[in-house]
Every structure is written in C-alpha cells, then in structure tokens.
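The numbers here are math on the coordinates, done by the rules we state, and not lab data. Predicted, not measured: the structure shown is a model, and the values here were computed from it. Don't worry about glycine lacking a Cβ; one is built from the backbone with ideal geometry, like all the others, and counts go over all protein chains shown.
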Amino acid sequence: MHGLVNKGLERFLVDVYGQGTWLEIARVAELPADSFEALLTYDVELTLKVIRIASSQLEKSEHALLEDLGTYLVSDPKMDSIRRLLRFGGIDYADFVSSLDELPERVRLAVPNLNIPEIAVEEIGPDEYRIDVISDFGRFGVILAGVLRAMADDYGCLSLIEWSSDAPAHETLQVQLLDGTYAEGRAFVLSAEAAP
C-alpha cells in the first residue's frame with residue numbers, strides 16, 4: 001500500500017480523534033515508527049491491521065470509519081488538494097460522477113506510482129449511476145462512498161448513495177441524484193492561488 005494512502009488514514013485519525021488516540025493505535029498495531037512515511041510502500045496487511053485496531057479502539061465499525069475517512073479527504077481544509085483534484089471531474093455533480101472512471105488516470109498524473117482501484121461507471125437510468133470498484137484492498141468502495149457524499153455537499157446536490165459488495169475485491173455503489181440544486185455548493189476556482 002502506497003504510503004500516501006496510509007498517511008491519509010493517519011492524518012484522519014489524528015485530526016478527528018487526536019494524537020494520543022493515533023499513538024495508541026500505532027503502538028497496538030506495532031508500527032515500525034509512530035508515523036507512516038508518505039514515500040514508502042507498506043504491506044497491505046499492515047494497513048488492514050491499523051483499520052481493524054482503530055475500529056476496535058474507537059468502537060466504530062470499519063465501514064463507518066472508512067466512510068468517514070472518505071468524507072474527511074474532501075471536506076477537511078488540510079486536504080484541499082484532493083478536493084481540487086476531484087472538482088476537475090466536472091462542472092456539476094452529475095459530470096463528476098460520470099467521470100469517476102477517469103479518476104485513476106488523473107491520480108497517476110499527480111502521483112505516478114499511486115495505484116487506485118479500477119472504477120467503472122454506468123448510467124443505469126435518469127440521474128442514476130452504478131459504480132463498480134475492483135481492488136485487492138477491498139475497501140476503497142467504502143471510502144469512495146464517503147467521498148461521494150462529501151462531493152455531493154460540495155456541489156450542493158442532494159443524492160442517495162448505497163454501497164454493496166458481492167466479493168471482497170468487488171464493491172458496487174448506486175448513486176441517485178435527487179436534486180442538483182438542493183443547496184449552494186462550495187466555491188471553486190481553477191487556480192489554487194485564487195482560492196479563498
């Protein structure tokens with residue numbers, strides 16, 4: 001697992017639950033250091049172990065924890081670079097969802113050796129999409145569900161998102177756009193320097 005993924009998990013746990021909670025999770029998980037290095041690669045089993053321990057320590061299901069991580073990656077001001085990368089996916093939420101299958105390539109432009117799962121998007125009805133996520137990690141779909149919820153808020157769209165999985169490596173998200181102008185979205189400009 002790329003260190004950036006693990007570092008994102010660490011930052012989420014520190015920012016939301018505190019440094020002390022993170023240090024205890026790192027101790028129980030027997031991390032080689034108190035912190036992940038963004039440029040290193042880690043065994044995926046270590047990442048899964050950290051998730052299991054965090055879930056247990058926080059008395060929160062892994063699913064809820066990972067969905068919260070997805071929301072954090074978009075909504076926390078410290079993670080604005082991720083939000084900006086995602087906002088380039090479309091001028092509105094429907095465009096954004098439709099273009100999710102291009103996300104792995106966009107990510108590789110920013111970080112060439114960061115592999116994210118295969119994503120396939122299919123429009124199955126008016127304003128309704130099916131998103132298939134194929135990954136050895138088997139949890140990216142849950143994180144993506146949190147990202148999709150946060151991005152709906154970012155665009156000011158009301159949407160219904162349902163997650164399911166028929167195999168560890170295959171997750172499916174059903175996204176239904178209920179109201180594209182439900183609320184005022186967050187401001188977004190192309191230039192990071194011009195952003196408020």
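At a glance:
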| quantity | calculated |
| --- | --- |
| Computed magnitude of the charge dipole of the chain (debye, nearest 20; Cβ of K, R +1, Cβ of D, E -1) | 600 |
| Hz values of 3J(HN,Hα) by residue in the range 36-41 - Karplus curve (6.51, -1.76, 1.60), Gly and Pro given as x | 7, 9, 4, 8, 8, 10 |
| Burial order of peptide ranges 160-168, 40-48, 80-88 (average beta-carbon count within 10 Å, highest first) | 80-88, 40-48, 160-168 |
| Burial ranking of peptide ranges 92-104, 26-38 (average Cβ count within 10 Å, highest at the top) | 92-104, 26-38 |
| Sites Leu48 and Asn115 - FRET efficiency at Förster radius 22 Å, r taken between beta-carbons, to 0.05 | 0.85 |
| The range 80-179: relative contact order in percent, alpha carbon pairs under 8 Å with at least 6 residues between | 23 |
| Mean residue ellipticity (222 nm) of the chain, computed from DSSP H runs ≥ 4 via -39,500 (n - 2.57), nearest 500 | -14500 deg cm²/dmol |
| Contact order relative to length of the range 3-60, as percent, for alpha carbon pairs under 8 angstrom and 6 or more apart | 41 |
| Dipole of the chain, positive direction: furthest Cα of Pro32, Ser55, Ser75, with charges on the beta-carbon | Pro32 |
| Nearest-20 debye value, the range 80-179 charge dipole, Cβ charges on Lys, Arg, Asp, Glu | 480 |
| Spatially proximal lysines relative to Lys78 (Cα-Cα < 22 Å; intrachain offsets below 8 disregarded) | Lys7 |
| Of Leu173, Leu23, Leu109, the one that fluctuates the most in a GNM where the chain has Cα springs shorter than 10 Å | Leu109 |
| Degrees between helix 44-58 axis and first principal axis of the chain (Cα, 0 to 90, nearest 10) | 90 |
| Normalised contact order of the range 1-154, rounded percent, pairs of Cα under 8 Å and 6 or more residues apart | 21 |
| Tilt relative to the chain, helix 3-17 - C-alpha long axis, 0 to 90 degrees, to 10 | 90 |
| Over 20 Å [Cα-Cα, the range 80-179], rounded percent | 32 |
| Eligible aspartates and glutamates near Lys49 by straight Cα distance, threshold 14 Å, same-chain separation 8 or greater | Glu10, Glu24, Glu30, Glu62 |
